[in-house]
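Every read-out reported here was derived from the displayed coordinates using simple, explicitly stated rules and does not represent laboratory data. Please read all numbers here as calculations on a predicted model, not as lab measurements. Positions of Cβ are backbone-derived with ideal geometry, glycine not excepted, and every protein chain shown enters the neighbour counts.
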There are 2 protein chains.
Amino acid sequence: MGTTAEPVRGYIIPVGGAEEKIGDVAILRRFAALCDSGAGRVAIIPTASALEDTGARYAEIFTGLGTREAIVLPIESRSDCARPEVLDTLDRADGVFLTGGNQLRLSTMLGGTEVAKTLRRRNREGMHVAGTSAGAAFLCEHMIAFGKEGASPRARAVTLAPGLGLTNRIIIDQHFRQRDRLGRLLTALAYNPFAIGIGLDENTAAFIGPDETLEVVGGGAITVVDPSDLQFSSMARVRKNDPVCLINLKLHLLDRGSTFHLHTRVAAAALVIAERVSGSHHAYP
Amino acid sequence: MGTTAEPVRGYIIPVGGAEEKIGDVAILRRFAALCDSGAGRVAIIPTASALEDTGARYAEIFTGLGTREAIVLPIESRSDCARPEVLDTLDRADGVFLTGGNQLRLSTMLGGTEVAKTLRRRNREGMHVAGTSAGAAFLCEHMIAFGKEGASPRARAVTLAPGLGLTNRIIIDQHFRQRDRLGRLLTALAYNPFAIGIGLDENTAAFIGPDETLEVVGGGAITVVDPSDLQFSSMARVRKNDPVCLINLKLHLLDRGSTFHLHTRVAAAALVIAERVSGSHHAYP
């Protein structure tokens, strides 16, 4: 923008679905606060949802949290993605929130359009992008389109598709504890153990800052699967529905306030919890 | 027995439940073959089951597989556990098979009796002990009595109880992929990361030999959770239903023929699969 300063990327915030909308609303409150440190303009993309009032409901919540402007972008077709007022809104927004629904509605309507390009560019320039449930799945380069339930990986347990592509470092799955999705996340990693698997419980968000530190916000856990030391994947030769052999994965279960650095791949417990446990006389029996 | 040779412990064989009973019957066939290398005497303990014909059904299968003698031990009370003919049968058996049902029926009826003592002694002397489903849960020192479903660990997700105690190196869970049990297994490990977590899919068995090598047999996967490098567990201070923070677990997903050594904690892919994958031109895209 005429200065020589490098732009700082905005937060990327996948949410595991079913985030609190009354009461504590820790996740939405934190997102609103991030946007308020700018001009307080939030754009809502309800495209994943087939329900009429999804966008309006979030607009009301953000307004209730003190957000200056909460604008619903009614994108319901690929041609909507070329509308100047939509692109203008995205150009001025401090944060964008993608609602839940079906991630294939997002990828089929937004994929390759000016809206997708603008979201990527504006995120690089500092705009925060949050998505819940289907909205979370869509954020990354490699999106889990659908899959089967179950804890252990099977050859055809998951179907991947290209997503929005804000980052390719992680593969996201949501409703994680609630819908038994470890197996499909592991299957996705088994293809190419380049990415890190991030399984988000409901009412749980990963706030991924510009320095690539992921912080857990909300009431559930985030399951981090780090395959960087993987010694073996049998994915090249397994047949339909066979179990997949994966040797030497690293696993972290992170709760509120805990962090994971996507670059160094170091996990850390929430400081306050770590201190309470170390200070306890009952740490280990 | 009057010789100076050290006795060699028998196999310990937890099965994830729902093992094939017609067709390939790989698991039961392998167990029968182990017993056949002795005198071919198998004792069946159907105590976990509330069904009348569970024992007879297994006796029929083993007889069909060529087992010389398959004897059902009708233990239905603690006083049955003192009956001389029951203890005599166990003293002469090459292998014992514990059926599925409810592991609390096993622990409440067998716990502390002569049958439990005899099973432990005879396993040390070379008798093989297999158990499926509830029978598998019961084999170890720390038994998962019951728990809640879900992939991530929660403070009260699991209830442990003392089991038969053939080994304390592992904590077993079964129906693993099918019933979404990673969270409760992780919760069990979070209390004291001494043991190794072994999650058995249905129709999948761990054949744990006298040298502490575990080999996977059957159609599913075994999920091995090795907490030996665990850096942090928040279990000392989590409140009811809070997620548990666990940092730096090791995870292996093992399929048929793969092995894990309980002492060295080294996992290895099935040789034939490893060779096929390394030899492939499509190993990684």
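Treating only the Cα positions of the protein assembly as shown as identical point scatterers, give the base-10 log of I(q)/I(0) from the Debye formula at each q in 0.06, 0.08 Å⁻¹.
Once normalised to I(0) and log-transformed, intensities are -0.35, -0.59.
With charges only on Cβ, +1 for K and R and -1 for D and E, what is the dipole size of the protein assembly as shown about its Cα centre, in debye, rounded to 20? Walk me through the intermediate numbers first.
On the way: 62 positive and 62 negative charges, 37 e Å.
Once rounded to the nearest 20, the dipole reads 180 debye.
Taking the Cα centre of segment B:1-81 as origin, work out the dipole magnitude from +1 charges on Lys and Arg Cβ and -1 charges on Asp and Glu Cβ, in debye rounded to 20. Mind showing how you got there, number by number?
Working: 8 positive and 11 negative charges, 45 e Å.
Computed charge dipole of segment B:1-81: roughly 220 debye.
Considering only C-alpha atoms, what is the centroid distance from segment B:1-73 to segment A:1-57, in Å?
59 Å
Give me the mean projected area, in nm² to one decimal, of the convex hull enclosing the Cα positions of segment A:1-86. Don't skip to the answer; put the middle values down first.
Values: hull surface 29.4 nm².
Over all viewing directions, segment A:1-86 projects a mean Cα-hull area of 7.4 nm².
Based on the alpha-carbon set only, what is the convex hull volume of segment A:133-265 divided per residue, in Å³? Before the final figure, lay out the partial values.
Working: hull volume 12.0 nm³, N = 133.
That works out to 90 Å³ per residue.
Between segment A:171-211 and segment B:115-141, what is the C-alpha centre distance in whole Å?
Result: 38 Å between the Cα centres.
Can you put B:Ile12, B:Ile71 in order of Cβ neighbours within 10 angstrom, beginning with the fewest? Please list the in-between numbers first.
Values: B:Ile12 27, B:Ile71 18.
Going from sparsest to densest Cβ surroundings: B:Ile71, B:Ile12.
With only Lys, Arg, Asp and Glu charged, each at its Cβ (+1 for the first two, -1 for the last two), find how big the charge dipole of segment B:1-141 is about the Cα centre; round to the nearest 20 debye. Don't jump to the answer; show the numbers that get you there.
Working: 16 positive and 18 negative charges, 61 e Å.
For segment B:1-141, the charge dipole is close to 300 debye.
Looking at the calculated P(r) for segment A:29-179, what percent of the C-alpha pair distances fall above 22 Å?
On the way: 4333 of 11325 pairs.
Across segment A:29-179, Cα pairs with separations above 22 Å total 38 percent.
Take chain B, connect every pair of alpha-carbon atoms lying under 10 Å apart with a spring to form a Gaussian network, then pick out the residue of B:Val158, B:Val96, B:Val42 with the largest mean-square fluctuation.
Between B:Val158, B:Val96, B:Val42, it is B:Val158 that shows the largest mean-square fluctuation.
Once the other residues with Cβ under 13 Å from the Cβ of A:Arg105 are scored (Lys, Arg +1; Asp, Glu -1), what is the net sum? Don't skip to the answer; put the middle values down first.
Working: positive: A:Arg78; negative: A:Glu76, A:Asp80.
Taking every other residue near A:Arg105 into account, the sum is -1.
May I ask which residue of B:Gly197, B:Pro84, B:Pro74 lies farthest towards the positive end of the charge dipole of segment B:12-278, with charges of +1 (Lys, Arg) and -1 (Asp, Glu) on Cβ and the Cα centre as origin?
Most positive-ward Cα: B:Gly197.
For A:Asp53 and B:Lys148, what is the calculated FRET efficiency with R₀ set at 35 Å and r taken between the beta-carbons, to the nearest 0.05?
Values: r = 34 Å, r/R0 = 0.96.
Efficiency, from the Cβ-Cβ distance: 0.55.
Put +1 on the Cβ of every Lys and Arg and -1 on every Asp and Glu Cβ in segment A:12-278; which of A:Gly17, A:Val96, A:Thr108 then has its Cα farthest towards the positive end of the dipole?
Farthest towards the positive end: A:Thr108.
For segment A:12-278, what is the per residue volume of the convex hull drawn over the alpha-carbon atoms, in cubic angstrom?
Values: hull volume 33.7 nm³, N = 267.
Taking only Cα atoms, segment A:12-278 has a hull volume of 126 Å³ per residue.
Expressed as a fraction of 2.2 N^0.38 Å, the rule-of-thumb size for a compact globular protein of N residues, what is the C-alpha radius of gyration of segment B:67-115?
Values: Rg = 11.0 Å, N = 49, 2.2 N^0.38 = 9.7 Å.
After normalising by residue count via 2.2 N^0.38 Å, the value is 1.14.
Given the protein assembly as shown, what percent of its DSSP beta bridges are antiparallel, to the nearest 5? Could you put the intermediate results ahead of the total?
Working: 63 of 103 bridges.
Around 60 percent of the beta bridges assigned by DSSP in the protein assembly as shown are antiparallel ones.
Of B:Phe207, B:Ile45, B:Pro162, which is farthest towards the positive pole of segment B:12-278's charge dipole, taken about the Cα centre with +1 and -1 on the beta-carbons of Lys, Arg and Asp, Glu respectively?
With unit charges placed on the Cβ atoms, the residue in question is B:Pro162.
If neighbour count is taken as other Cβ atoms inside 10 Å, put A:Thr264, A:Thr259 in order from fewest to most. List each step's numbers first, then the result.
Details: A:Thr264 9, A:Thr259 18.
In order of increasing Cβ crowding within 10 Å: A:Thr264, A:Thr259.
Can you tell me what share of the DSSP beta bridges in segment A:12-278 is antiparallel? A percent to the nearest 5 is fine.
Values: 29 of 49 bridges.
Rounded to the nearest five, the antiparallel share is 60 percent.
Please give the calculated 222 nm ellipticity per residue for chain B, where each DSSP H segment of at least 4 residues contributes -39500 (n - 2.57) and the sum is spread over every residue; nearest 500 deg cm²/dmol? Could you put the intermediate results ahead of the total?
Working: 9 runs with 78 residues, N = 285.
Helices in chain B give a 222 nm mean residue ellipticity of -7500 deg cm²/dmol.
Going 7 Å from Cα along the Cα-Cβ axis for the label, what nanometre distances separate A:Arg57 from the same residue across the other copies?
Going from nearest to farthest copy, the values are 4.5 nm.
Could you check the spin-label model distance between B:Asn168 and A:Glu212? Points 7 Å from the Cα along Cα→Cβ, value in nm.
My value for the distance between the label points is 4.3 nm.
Could you please report the charge total around A:Thr204, scoring K, R as +1 and D, E as -1 over all other residues with beta-carbon less than 15 angstrom from its beta-carbon? Could you put the intermediate results ahead of the total?
Numbers: positive: A:Lys21, A:Arg29, A:Arg30, A:Arg177, A:Arg179, A:Arg181, A:Arg256, B:Arg154; negative: A:Glu19, A:Glu20, A:Asp24, A:Asp173, A:Asp201, A:Glu202, A:Glu215, A:Asp255, B:Asp242.
It works out to a net charge of -1.
Indicate, rounded to the nearest 5 percent, the antiparallel portion of the DSSP beta bridges found entirely in segment B:152-225. Don't skip to the end; give the middle numbers.
Numbers: 9 of 13 bridges.
Close to 70 percent.
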